Amino acid sequence: MQAFMEFLFKYRLLLFQEGDFAFASPWPTMVVLGVVAALAVPAILTYGAARGDTQPLDRMVMAGLRLGVVGVLVFILFQPILVLTSVVPQRNFVGILIDDSQSMRITGNDGLPRSAFIESTFGSEGSELMSALSEKFSLRFFRFSRETSRLGDVSELEYVGTATELGKAMVRVQEELTGVPLSGLIVLSDGADNSGEPLAESLLPLQAANIPVYTVGLGDEVLSPDVQVSRVEIPRTVLVGTSLVVDVIVSHRGYAGRTVPLIVEDGGQVIATEDVALGEDGEPVVARVRLDVAVSGPRLLRFRVPVQDGESVEQNNAREVLVDVADESEKILYFEGEPRWELKFVRRAVADDENLQVVVLQRTAAGKFLRLEVDDADELAAGFPKTREELFKYRGLVLGSVEASFFTHDQLNMIVDFVSQRGGGLLLLGGRNSFAQGGYEGTSLAEAMPVFLDDERNTEAGTYFDELLVSPTRTGLTHPATQLGGDDSEGIRELWESLPPVTTLNPITRIKPGATSLLTGGTDQDRSRQIVLAYHRYGRGKVIVLPVQDTWIWQMHADIPLEDQTHEIFWRQLLRWLIDGVPNPVGAQSESEVVEPGQVVNLTVEVGDSAYLEVNDGSVVATVVSPAGDSITVSLDWAVDEDGRYDGTFTTTEAGLYEVSVQASRGADTLGTAVTFVNAAPSVAEYFDASMRGTTLRRVAEETGGRFYTPETIANLPEDISLTGAGVTLTEERDLWDMPILLILLLGLMGAEWGYRRTRGLI
């Protein structure tokens, strides 16, 4: 079709888009118009008079066809031309950027690696494309992956780069060729850009300099067949003994309906397996795997699907994630306003959990408190904390049946700050003095809750008595706080729905936008009318509500066997999740948990005091221990643009696990310590999402004024670059009067007029 259009119009349609239409007639316009009139008037008058049996319609049709002939002749007489701006041969430069990353080794649906086109087209002296480019431009070659450098010859390409930074490469080449007339850049790539920086920012200097980018997409936009472990959703830090439900996203093409095993390994040992039923092509599947982390320390977990027959890419069948399993005791403050069974059984549920220290403050009378599990005689001696430092040393806070009037205005605000600023976990339990019944409506704490306190029954004093059958929501089936056991979602649902009903609750039926409900309750016909467990993120922390006060029934009910651990499991998981992700005053993390050997690691440390106020005048030092046991000291500097943040770097020297221990101090006072880990290992990032990113490459071309090509459409590239107007250019005029379409149109109109007359018997 394209060749046919070029035949009709003499030139490619692109030239009409790039050029300007004009007339080159040497005669004045009035002369030409006079000639037109001299030709048109007889053409009309010829059929003006009645002739034989001609009808008015006949005369109109024949006159119109003859006028069409006159119009075409006049158009030719004006000598139409196409004015083009083209480059001066050998006066302009073109930068050619070639992807030198591992993804160029991927075999396409044609059985050839992506690099084959590069070598056959740009590495061959006999290539027509190279010859055409060399005739018009001075060529400069560059290789790019993680870094960009000059390339002497295509044969020097190794295709070993473990990352592709497309945006940085284009900016780097533009800077390299500053000062020379640059007609454009040619990018040969699959379009991957895993630099982590917005590509749009890299295009701005190219747009400002009017430098078009011509992108050549290598590879298939759809890789088939292929299975990929796309993502693993798992906490970076967990407490030892935690039962995790890990979501693993598996993508595929070409294996619809097949069931494949998902295997989880820790240090080469299989710790879990899960069968995954693959759906339709392109539809990701979420596989949920239950893991019990029983060994402390950094754990490098590998999630993999065995390589299937005929796969295009084998390297994307596995992902490794680093999880720090902490073996330490975390403190939670449980404040109860009155003696009740719930406190007793919660304490019993977590008594054997060495990683949870539940410090109890129970009001026994006005101004009198019972303290349990405190570390010393001074802890909570004056009752509920009155300062940020006293409250913020806990990672979680549980409030039982305590009326709002017990707290001062400052204490209520401090509890809110405990969540939003300190990042702590807050759990609000039901009771006769909780929620609206406790007078919390309209307080700052009510604003922080994930639920509305506007149920009509909330006007009543005390709690509301009703039998409430509990059921998990869709989210609750997979949430770590509500995993009671069972092999699948249906098993978990059955366990929850088999529990005896709770009977004492605070009526809450609506959650706020953005909040999540995990458990609901009601009758056997409708178990969704009452909120039983819900939460939302609030600032840096989270707020959880459990508006019932007799979960102990799940242990003491007559139908519950003595050996049943449901109640204990629920509370251990709930309290562990309550403090999951809660930060310490000093926290350290690396930009990436997995880097390549020899790569620079960027460290970030956030430093606060005991009240979690940012510290900018501290001294922060990190000790880095290599896999071989060698250690170095890294000093971190305050990042002036952000309070409490300190940055530093170190370079990995070998493969393996690096331990980074951080100590922050101010003067003679130690503010805190932190430990993080970095795994140095060869990267396989280039093999993930490895299809050709046509959308990205088209966007780069369109936004810079270039064009997008594939190996099948690249033949016109030299001519297209010459028409951009970038660099040293000249103006060229191309005749249009002799286009075949005009001759065909002229003959067609004359033939149509003759044929009409013959058909109508007017000859």
- prompt: From the set of residues in the range 554-569 that are more than 16 Å from VAL502 (Cα to Cα) and in a loop (DSSP other than H, G, I, E, B), which is nearest to the chain's Cα centre (by Cα)?
  reply: GLN565
- prompt: Would you say GLY648 is crowded, with 16+ Cβ neighbours inside 10 Å and either modelled with pLDDT of 95 or more or not hydrophobic (A, V, I, L, M, F, W, C) (or both)?
  reply: yes
query: Within the range 229-267, which residues are free of Cβ contacts under 8 Å to residues at least 24 places away in the same chain and either on the phi > 0 side of the Ramachandran plot or in a loop (DSSP other than H, G, I, E, B) (or both)?
result: GLY257
statement: For the range 155-166 the number of residues that are crowded, with 17+ Cβ neighbours inside 10 Å and among the charged types (D, E, K, R) is 1
message: Of the residues VAL640, VAL660, VAL634, only one is outside any strand (DSSP E or B) and assigned by TED's automatic domain parsing to the domain that holds VAL595; which?
response: VAL640
message: Tell me whether the range 372-384 contains one or more residues that are in the same structural domain as GLU338 (by TED's automatic domain parsing) and either basic (Lys, Arg) or outside any loop (DSSP other than H, G, I, E, B) (or both).
response: yes
query: modelled with pLDDT under 90, more than 30 Å from GLU654 (Cα to Cα) and in contact with a helix residue (DSSP H, G or I) (Cβ under 9 Å, 6 or more places away or on another chain): does that describe ILE560?
result: yes
message: Looking at the range 474-482, can you tell me whether even one residue there is without any contact (Cβ under 8 Å) to a residue 40 or more places away in the chain and either surrounded by fewer than 21 Cβ atoms within 10 Å (Cβ to Cβ) or within 23 Å of ARG288 (Cα to Cα) (or both)?
response: yes
task: State which residue is surrounded by the most Cβ atoms within 10 Å (Cβ to Cβ) when the search covers only the range 201-215 and only residues that are touching a residue at least 40 places away in the same chain (Cβ under 8 Å) and within 25 Å of the chain's Cα centre (by Cα).
output: THR215
- request: Select from the range 297-352 the residues that are closer than 30 Å to MET556 by Cβ and among the aromatic types (Phe, Trp, Tyr) and write down the one among them that is farthest from the chain's Cα centre (by Cα).
  value: TRP341
- prompt: Within the range 443-450, is even one residue at negative phi, modelled with pLDDT under 90, touching a strand residue (DSSP E or B) at 6+ places or on another chain (Cβ under 6 Å) and not hydrophobic (A, V, I, L, M, F, W, C)?
  reply: no
statement: Within the range 242-264, the residues that are more than 26 Å from LEU578 (Cα to Cα) and touching a Phe, Trp or Tyr at 6+ places or on another chain (Cβ under 8 Å) are LEU262, ILE263, VAL264
message: Suppose we keep only residues that are surrounded by fewer than 20 Cβ atoms within 10 Å (Cβ to Cβ) and among the β-branched types (Val, Ile, Thr) within the range 497-552. Which one would you say is farthest from the chain's Cα centre (by Cα)?
response: THR503
Subset of the range 338-371 (residues that are assigned to a strand (DSSP E or B) and out of contact with any strand residue (DSSP E or B) (no Cβ under 9 Å at 6 or more places or on another chain)): ALA365, LYS368
message: Exactly one condition in (1) hydrophobic (A, V, I, L, M, F, W, C); (2) over 24 Å from LEU239 (Cα atoms); (3) touching a residue at least 40 places away in the same chain (Cβ under 8 Å) is false for TRP496; which is it?
response: (3)
task: Out of the residues in the range 167-200 that are part of a loop (DSSP other than H, G, I, E, B), in contact (Cβ under 8 Å) with a residue 60 or more places away in the chain and not polar (S, T, N, Q), state the one that is surrounded by the most Cβ atoms within 10 Å (Cβ to Cβ).
output: ASP190
task: Take the range 636-659 and flag every residue that is closer than 14 Å to GLU606 by Cβ and of a type in the set (A, V, I, L, M, F, W, C).
output: LEU636, TRP638, ALA639
In the range 719-743, residue modelled with the highest pLDDT [restricted to those that are assigned to a helix (DSSP H, G or I) and buried (at least 21 other Cβ atoms within 10 Å of the Cβ)]: ILE721
- prompt: Of the conditions (1) in contact with an Asp or Glu (Cβ under 9 Å, 6 or more places away or on another chain); (2) polar (S, T, N, Q); (3) within 23 Å of VAL321 (Cα to Cα), SER592 fails just one. Which one is it?
  reply: (1)
- prompt: For the subset of the range 98-114 comprising residues that are farther than 10 Å from SER145 by Cα and either over 27 Å from the mean Cα position of the chain (by Cα) or of a type in the set (A, V, I, L, M, F, W, C) (or both), which member is surrounded by the most Cβ atoms within 10 Å (Cβ to Cβ)?
  reply: MET104
- request: Could you please find all residues in the range 353-372 being touching a Lys or Arg at 6+ places or on another chain (Cβ under 9 Å) and farther than 25 Å from TRP554 by Cα?
  value: PHE369, LEU370
field: Subset of the range 126-166 (residues that are touching a residue at least 24 places away in the same chain (Cβ under 8 Å) and part of a helix (DSSP H, G or I))
entry: GLU128, LEU129, ALA132, LEU133, GLU135, LYS136, VAL154, SER155, LEU166
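The values are calculated or read from the model by the stated rules, or taken from the named source; none is laboratory data. Just so it is clear, the model here is predicted, and its values are computed rather than measured. Neighbour counts run over all protein chains shown; Cβ positions are idealised from the backbone, glycine included.
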